[in-house]
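I have placed the structure first, in the form of structure tokens, so that the comments after it can refer back to it.
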Amino acid sequence: MKYYFNEIEKKWQNFWSENQTFKAENNSNKPKFYVLDMFPYPSGAGLHVGHPLGYIASDIYARYKRHKGFNVLHPQGYDSFGLPAEQYAIQTGQHPAKTTEENIRTYRRQLDQIGFSFDWSREVRTSDPQYYKWTQWIFIQLFESFYCKKDNKAKPISDLVTLFEKEGNTNVDAACDDDVIEFLAEDWQRFTDTEQQEILAKYRLTYLSETEVNWCPKLGTVLANDEIVNGVSERGGYPVVRKKMKQWSMRITAYAQRLLDGLNTIDWPQPLKDSQINWIGKSEGASVTFKVMAAEGDVHAEEHVDGIEVFTTRPDTIFGVSFMTLAPEHELVAKITTEEYKEAVLNYIEATAKRSERERMADVKTISGQFTGAYAIHPFTGKPIPIWIGDYVLAGYGTGAVMAVPCGDQRDYDFAKHFDIDIPNIFQDIDISNEAYADKNAVISNSDFLNGLPAKKAIKRAIFELEQRGVGKGKINYRLRDAVFSRQRYWGEPFPVYYKNGLPQMINVKHLPMTLPEVEKYLPTEDGKPPLGNATVWAWDCRTNNVVDNDLIDHENVFPLELNTMPGWAGSSWYFNRYMDANNSTELASKSALNYWRDVDLYIGGSEHATGHLLYARFWQKFLYDRGLVPVDEFAKKLINQGMILGTSAFVYRLEGENKFISSGLVNSQKVQPIHADVSFVNASNELDIEAFKNWRPEFKEAEFIKEEGAFKVSREVEKMSKSKYNVVNPDDICETYGADTLRLYEMFLGPLEQAKPWNTAGITGVHSFLKKLWKLYIKNDEFSVSDEVPTKEELKTLHKTIKKVDDDIANFSFNTSVSSFMIAVNELTAQKCNKRAILEPLAVLISPYAPHIAEELWCKLGHDNSIATAEFPVFDPKNLIESTKTYPISFNGKMRFTMDLSLDLSKEDIEKEVMAHEKTIQQLDGRAPKKVIVIPGKIVNIVG
RNA sequence: GCCUUGGUGGCGGAAUUGGUAGACGCGCUGGAUUCAAAAUCCAGUUCUUUCGAGAGUGUGGGUUCGAUUCCCACCCAAGGUACCA
């Protein structure tokens, strides 16, 4: 009766699939539990052992919750739009849909073979028109909405139109573009339809705007900030430049505060919350407008410049202002610069423009700047303030201008020192002769009405005074920008948009989905249009509501369609809602399904999505909530980031200039070249399979190998798992050799779920032989058989302490320690020669979330004809752990020296008497009298002295 | 620089509220079984040691009868982020 894992695993995978064991129902008397994984992008390379880590953890959790009586939703799908399929299409001409389909098939096979309890009847694919129909639908809802700041929620744009008709926009408090002008009801009536549309566009939650974007010429597309690493594209490492383009944007900034507040209501990892908080970058302070002083002889100066607006977090330091600095790109620079300084300013701007964004960021130490000749007027003192330009001020943050307070800001201080500008000290008893004082702990002085106030009070007072005089006001500034939503790609969701007189029009939702058109080529067109510009049938006929041939475009009835597609995060921002009712063709999900499942109870995925997917998805969820489309405004109550599994690379050493390899222990100080060897050639003792290595590449065929102690050893190093490092381990091979249950257990056994940890196949034999030992417990005389005898106290103790441990571990997501406790249990039961049903049946259930195939087989052999998934989880009974004696550690000055078995009934005094009489105590004390004896009954004895 | 997380044997890692540091597994050493190998089983395995014992959880201090755990300072590593005004 051997443990034939391959047969067992195949058998049960088929059973689950045929019986739809894990299909979740949308109505049930059981409490609901929704366990979600971040769905994968189906790449051509398939899965390596690092990918399923999170899926195994969530699967254990889902199976455990089923045993505990929950109606569990545990779905899976594919984030199947994306760049790699498109790049492949560009190279081979193969339609991305085809590549994607093939990749999905590989993924599905690999996932099935690991034995996940996914409800595949709810599978979603973002690239499926039946799915992206609803992505397009949500886009239209965003277009038809604005953000009302009074009610702090999104509302229909028609509400806004009603308001405009009644009273114009003077009383409207809504998130909008900065350049909205005020108008009255009469004005609104007078505006042409086009003018009205242009105004509404400034309020819509998605809008077209001329934005400066990160354009990657090599990829022919716009990249989001998080797709750029160190100034080059994350994919491919191509250079990225700034370029102005008309793009769809999402007004995520309207939700900045709610995205911050919501973090307090969800159980997500602190580092992840911190990076979202950072990304949103809220800073509180004031905006202050500095009037510009008329240049000598220029009587009209004030007419062409209203003033320079700055944002500061320290309005309390306003009396310390001794100059202002504008970003070189600031639009006022040209207007205010005096004749005398024109040339110098132009030269400076030219010089900074030459330096790339990257250089500017890397080189923080060099101080540069240029005086413009112009002066601003201090709003309180009326003194002239010289206006400089300098590239330490960034055009993209705040207003692109700062009021410089050298005594309170190190950058201003350095700038002032460098250009010999005055550094007035406005802090009482603070020495600023060497550096600025940036803390908020000083008392303000030399500052008129702020004198004697501590910083925090001074900030409030300063804002009050600014507002009184109408030169500024309290303001909250966010680093978060509106999100660019257009991509110049083929393999993404098309926008449901056509253009009439240059104005975007939404296609009526009843004509969705707008499916991707066929194109000849997947590259941008020669005149720089996105790939959809290659489509010949991509025009909208308003009479028939059909996509028609471009030749029919007449701008009266037939109009051109949008050529951009949506970004990768569109489809992933709401998929968790779709799983609740994945096959609904009339709604994104039915009200009843949404109200039943509500939100994700446990979401597991990588931390790399902190400021991308996880921020956008929260934004969309809040929007959908505002519009009454979903019942909760945070989609995931709890989130866990699984750590990355790293590879353990193997290195062989080649003597420099020779085709001779030397075992790693013999290298010493010889000149060698380390070469990655494929990890599959190396065994648990780091010995290389020389024959396999020789056959690997022709250049090694004739190589010579210098062994140590009869073997050739490699050295190991932990690196990221990657093809080029030959340290990738394929789960298919592991399942073939050891089985899926072994893979699942080993991935959990490696270490804490959230921690990054190296994979080393060598250790897998430990968990594999554990499963074999487990199997053997159920075998007697080579037959499957268990006895119905009453279990002993010891056997019950082993079982129940394991139940308790596993319950606690799963509650803490500490899956690695439950694997250890299973091993301990099986070791103990083996030693006890336990073959009893009363122990072994609950044990099978206990292990089934972790190793479901072997558990099903044992369950079946124990005489059950239903799946073990339906079994109730064993219940811990503390009475099985009650002891009568305790092995006391006897310590001296806190150091344990020996142990003593004593009855738990003994009093403190009795314990002390017994311990003091013990020969080892006498020996330890060596004649000294103890100063003190600490006795904690049931725990420890500590003798001091 | 700032924020976050972490630092324990040769390796992955254990140690609920401060109470026997190194569970469990790998590797290693020795043994049994075998013609041999695989597989399996048994014993040992933190370091030092004069074999009595002593030291030991990044470093240095502190609190405590007792600290991997709490406090202070510092060092190192990983991840995030940045002339953010």
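The values are calculated or read from the model by the stated rules, or taken from the named source; none is laboratory data. Predicted model, so just to flag it, every value in this text is computed and none were measured. Reconstructed Cβ throughout: ideal geometry from the backbone, glycine too, with neighbour counts over all protein chains shown. The protein model used for the area step is the full one, side chains on, heavy atoms only, and it has no ligands, DNA or RNA in it. Shrake-Rupley method; radii C 1.70, N 1.55, O 1.52, S 1.80 Å.
How many residues are over 25 Å from A:G492 (Cα atoms) and among the charged types (D, E, K, R) if we restrict to region A:567-601?
4
Kindly indicate whether any position in region A:792-803 is outside any loop (DSSP other than H, G, I, E, B), modelled with pLDDT under 95, under 26 Å from A:G69 (Cβ atoms) and away from RNA strand B (no atom under 16 Å from the Cβ).
Yes, some residue in region A:792-803 is outside any loop (DSSP other than H, G, I, E, B), modelled with pLDDT under 95, under 26 Å from A:G69 (Cβ atoms) and away from RNA strand B (no atom under 16 Å from the Cβ).
Residues that are free of Cβ contacts under 8 Å to residues at least 60 places away in the same chain, at least 1 per element: which strands (runs of 3 or more DSSP E) completely within region A:558-651 meet that?
In region A:558-651, A:558-560 are the strands (runs of 3 or more DSSP E) which contain 1 or more residues that are free of Cβ contacts under 8 Å to residues at least 60 places away in the same chain.
Would it be correct to say that A:P384 is open to solvent by less than 50 Å² (accessible area, probe 1.4 Å) and closer than 20 Å to A:F290 by Cβ?
Criteria not met by A:P384.
Output the residues belonging to region A:599-636 that are open to solvent by less than 30 Å² (accessible area, probe 1.4 Å), charged (D, E, K, R) and either within 16 Å of the chain's Cα centre (by Cα) or farther than 23 Å from A:K65 by Cβ (or both).
Within region A:599-636, A:R618, A:K622, A:D626, A:E634 qualify.
Being closer than 26 Å to A:M250 by Cα and in contact with a Leu (Cβ under 6 Å, 6 or more places away or on another chain) narrows it down to one residue among A:W574, A:W620, A:W540, A:W569; which is it?
A:W540
I'd like the full set of residues that are open to solvent by 40 Å² or more (accessible area, probe 1.4 Å) and within 11 Å of RNA strand B (Cβ to nearest atom), limited to region A:920-935.
Listed by number, the residues that qualify are A:K920, A:Q923, A:Q924, A:D926, A:P930, A:K931, A:K932, A:I934.
Just checking, which of A:Y596, A:Y579, A:Y575 is open to solvent by less than 20 Å² (accessible area, probe 1.4 Å) and in contact with a strand residue (DSSP E or B) (Cβ under 8 Å, 6 or more places away or on another chain)?
None of the others qualify; the one that does is A:Y579.
Okay, residues lined up against (1) closer than 19 Å to A:I934 by Cα; (2) loosely packed, with under 15 Cβ neighbours inside 10 Å; (3) within 15 Å of RNA strand B (Cβ to nearest atom); (4) modelled with pLDDT under 95:
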site	(1), (2), (3), (4)
A:K861	no, no, no, yes
A:D865	no, yes, no, yes
A:I868	no, no, no, no
A:F876	no, no, yes, yes
A:L881	no, yes, yes, yes
A:K886	yes, no, yes, yes
A:P889	yes, no, yes, yes
A:D901	yes, yes, yes, yes
A:L904	yes, yes, yes, yes
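Can you go through A:N14, A:N27, A:N103 and tell me which one is part of a loop (DSSP other than H, G, I, E, B) and either more than 30 Å from the chain's Cα centre (by Cα) or not hydroxyl-bearing (S, T, Y) (or both)?
A:N27
Looking at region A:713-742, which of the residues that are in a helix (DSSP H, G or I) and among the polar types (S, T, N, Q) is farthest from RNA strand B (Cβ to nearest atom)?
A:S724
Kindly indicate the residue of region A:679-697 that is of a type in the set (V, I, T) and under 19 Å from A:E719 (Cβ atoms) and also surrounded by the fewest Cβ atoms within 10 Å (Cβ to Cβ) among those meeting that condition.
Top of the filtered list is A:V679.
Looking at region A:906-919 only, could you name the residues that are within 24 Å of A:I882 (Cβ to Cβ) and exposed (fewer than 13 other Cβ atoms within 10 Å of the Cβ)?
A:S907, A:E909 - these are the residues of region A:906-919 that are within 24 Å of A:I882 (Cβ to Cβ) and exposed (fewer than 13 other Cβ atoms within 10 Å of the Cβ).
A:E857 fails exactly one of the following numbered conditions: (1) open to solvent by 20 Å² or more (accessible area, probe 1.4 Å); (2) assigned to a helix (DSSP H, G or I). What is the number of that condition?
In the conditions (1) open to solvent by 20 Å² or more (accessible area, probe 1.4 Å); (2) assigned to a helix (DSSP H, G or I), A:E857 misses (1) alone.
Out of A:I377, A:I389, I need the residue that is in contact with a Ser or Thr (Cβ under 9 Å, 6 or more places away or on another chain) and modelled with pLDDT of 90 or more. Which one?
A:I389
Being small (G, A, S), within 14 Å of RNA strand B (Cβ to nearest atom) and more than 36 Å from the chain's Cα centre (by Cα) is the filter here; which residues of region A:409-438 pass it?
A:A416, A:A436, listed by residue number.
Could we say that A:F813 is under 29 Å from A:K65 (Cα atoms), outside any helix (DSSP H, G or I) and in contact with a helix residue (DSSP H, G or I) (Cβ under 8 Å, 6 or more places away or on another chain) here?
Taking the combined requirement at face value, the residue satisfies it.
Which ones in region A:807-837 are farther than 13 Å from A:E794 by Cβ and more than 11 Å from RNA strand B (Cβ to nearest atom)?
A:I810, A:N835, A:R837
For region A:830-854, enumerate the residues that are part of a loop (DSSP other than H, G, I, E, B) and open to solvent by less than 10 Å² (accessible area, probe 1.4 Å).
Result: A:C834, A:S848, A:P849, A:Y850, A:A851.
Checking the condition of a type in the set (V, I, T), within 30 Å of A:Y61 (Cα to Cα) and out of contact with any Lys or Arg (no Cβ under 8 Å at 6 or more places or on another chain), which residue from A:I640, A:I645, A:I690 passes?
After applying the criteria, what remains is A:I640.
Within region A:754-774, work out how many residues are in contact (Cβ under 8 Å) with a residue 60 or more places away in the chain and either open to solvent by 10 Å² or more (accessible area, probe 1.4 Å) or within 7 Å of RNA strand B (Cβ to nearest atom) (or both).
So the answer is 11.
From the list A:L532, A:L561, A:L512, A:L516, exactly one residue is closer than 30 Å to A:A201 by Cβ, out of contact with any strand residue (DSSP E or B) (no Cβ under 8 Å at 6 or more places or on another chain) and either open to solvent by less than 40 Å² (accessible area, probe 1.4 Å) or among the aromatic types (F, W, Y) (or both). Which is it?
Only one candidate qualifies: A:L512.
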